[in-house]
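Read through the structure below, which is laid out as structure tokens, and then see the notes.
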Amino acid sequence: MFAMKINMVTKSLFKNKKGLSTVIATVLLILLVTVTTAIVWVFVNNIVTQRTEGVQSCFEVQSGEKITINDYYTCYDSALGEVQFSINIGDAEIDSLIISILASGNSKSFTLTNSNTTFNNLKPYNGNYNTNVTLPGKNEGLTYIASGFTNVEKIDWIKIAPIIEDKQCDLTDATYEIVDCSLLAS
């Protein structure tokens, strides 16, 4: 009698085995898809968050005229081979600023920081070469003179790009019309 009951229970389990395995397979598939979706979401969310943090800080500086070249004080002295340029920083916090000057196919770049830095061919206006140069502070402007442009007819352009949190942003300003300094004096 006991064997008969075990046999009946076993038969009923095997009889319903197909239905039970389909339900288990469906639940496992749903669980697998849910876990996979969660893993992909965490991965994608981390990448998007990292990328947008740098873009957001750069976007804030590039909206409006927060970091500009002051064309009024920008010129080229062909007799001395010097380029004078003025940088204005408005309501913006930046770590450093890359200044690129192109003349006759050759470019020179300077990276100004918030700390004093010495350059061989860059000086503050009315200063000397090989002295400390620093980035203008927030809501300030400074004028600089770069040398090493002898035998150059004209300066093609001056471009500036800020660096915020170790990320270089796009250009915030550029000037393509660099006049002769003798024209400013008159």
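The values are calculated or read from the model by the stated rules, or taken from the named source; none is laboratory data. The structure displayed is predicted, hence computed values, not measured ones. Cβ placement follows ideal geometry from the backbone for every residue including glycine, while neighbour counts extend to all protein chains displayed.
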Next item on the list: Please state which one of Ile155, Ile160 is part of a strand (DSSP E or B) and either in the same structural domain as Ser109 (by TED's automatic domain parsing) or over 17 Å from the mean Cα position of the chain (by Cα) (or both).
Entry: Ile160
Next item on the list: Considering each of Ile98, Ile87, Ile69 in turn, give the residue that is within 14 Å of Ile164 (Cβ to Cβ), of a type outside the set (Gly, Ala, Ser) and in contact (Cβ under 8 Å) with a residue 40 or more places away in the chain.
Entry: Ile98
Next item on the list: Output the residue which, of all residues in the range 162-186 that are of a type in the set (Asp, Glu) and at pLDDT 85 or above, is surrounded by the most Cβ atoms within 10 Å (Cβ to Cβ).
Entry: Asp173
Item checked: First in the range 158-186 and touching a residue at least 12 places away in the same chain (Cβ under 8 Å), second anywhere and in a helix (DSSP H, G or I) and aliphatic (A, V, I, L, M), Cβ under 7 Å, 6 or more apart -> Pro162/Val61; Ile164/Val61; Cys169/Val61; Thr172/Val61
Notebook entry, point to check: Within the range 152-161, is even one residue surrounded by 15 or more Cβ atoms within 10 Å (Cβ to Cβ) and modelled with pLDDT under 90?
Noted result: yes
Next item on the list: Please give the strands (runs of 3 or more DSSP E) falling wholly within the range 72-128 in which 1 or more residues are touching a Pro at 6+ places or on another chain (Cβ under 6 Å).
Entry: 82-89, 96-103
Check: Could you say which residue among Ile94, Ile178 is among the aliphatic types (A, V, I, L, M) and more than 25 Å from Glu60 (Cβ to Cβ)?
Finding: Ile178
Margin query: Can you pull out every residue in the range 96-110 that is closer than 23 Å to Asp170 by Cα and loosely packed, with under 15 Cβ neighbours inside 10 Å?
Written below: Gly105, Asn106, Ser107, Ser109
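Can you tell me which of Ala25, Ala79 is assigned by TED's automatic domain parsing to the domain that holds Asn139, more than 30 Å from Ile164 (Cα to Cα), at pLDDT below 90 and loosely packed, with under 12 Cβ neighbours inside 10 Å?
Step by step, each of Ala25, Ala79 is checked, and only Ala79 is assigned by TED's automatic domain parsing to the domain that holds Asn139, more than 30 Å from Ile164 (Cα to Cα), at pLDDT below 90 and loosely packed, with under 12 Cβ neighbours inside 10 Å.
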